[in-house]
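One structure below.
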Amino acid sequence: MEPLLHTVLLLAQHTTSAGNPAGELLNEASSRFARFNERELEGFFETNPERGDTSETGKYVFLPVVPNPRLLPVLNLAYDLPNNRVRLQLVLFVEKEVGQQARAFGYRYESPETTGRHTFWHAQPIHQLRRHDETTIELPGLEDGWRPIDTPAFPLDARCAIDLLACLMISLYGLPEVASMQANSFENRLAAQIRRIRDPA
């Protein structure tokens, strides 16, 4: 299986020190996004080894809980690997206090756009998750609409799809945790990316 897809599978199976998602955090995410189980996700990647969009199934990849602050990341993956095109839409559900409404924020990590200002590997904020058919799922707690979504766009140290995933992982879990994931579970899938980020020279 292609490294990007295999690494997403491994990541979906991983558990951080925060444990598995549970309680209100899981309920809030699950009420808006149906969760892939491991067999379904592996089947989707086997059926779509080069091109696909996980939202075609109506299901999404729940990633390991971020320990501090506690966040539950939900991922939609759209990819065209022969053309080195990928879009990782990440929704992060925030653990809420009693009486608070559900809250989530999001970012899109993606390959260079063909026109406009974002002709580089980048991440930018999102207010909604865009599905394969151009319909959207609004993120709770962002109804006021004042936040920009195309600016700032953060340039990323990425040249290919697996680089982009490594950037997403490190931005969520930090370099030491991702290096530990790679050393213990990821079969050298991210070794080159981690070495480059650790030693920019």
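What the table below lists for this structure:
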read-out	value
Where a residue in the range 81-94 is closer than 15 Å to N48 by Cα and its partner, wherever it lies, is of a type in the set (S, T, N, Q) and modelled with pLDDT under 95, with Cβ under 8 Å and at least six apart	none
Criterion (within 17 Å of the chain's Cα centre (by Cα), buried (at least 20 other Cβ atoms within 10 Å of the Cβ), at pLDDT 90 or above and part of a helix (DSSP H, G or I)) met by exactly one of V74, V8, V61	V8
Residues being surrounded by 16 or more Cβ atoms within 10 Å (Cβ to Cβ) and farther than 20 Å from D80 by Cα - total across the range 29-51	6
Count - residues of the range 77-112 that are assigned to a strand (DSSP E or B) and of a type in the set (G, A, S)	3
Residues being free of Cβ contacts under 8 Å to residues at least 12 places away in the same chain and loosely packed, with under 12 Cβ neighbours inside 10 Å - total across the range 95-132	8
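The values are calculated or read from the model by the stated rules, or taken from the named source; none is laboratory data. Bear in mind that the values here come from a model prediction, so they are computed numbers and not experimental data. Don't worry about glycine lacking a Cβ; one is built from the backbone with ideal geometry, like all the others, and counts go over all protein chains shown.
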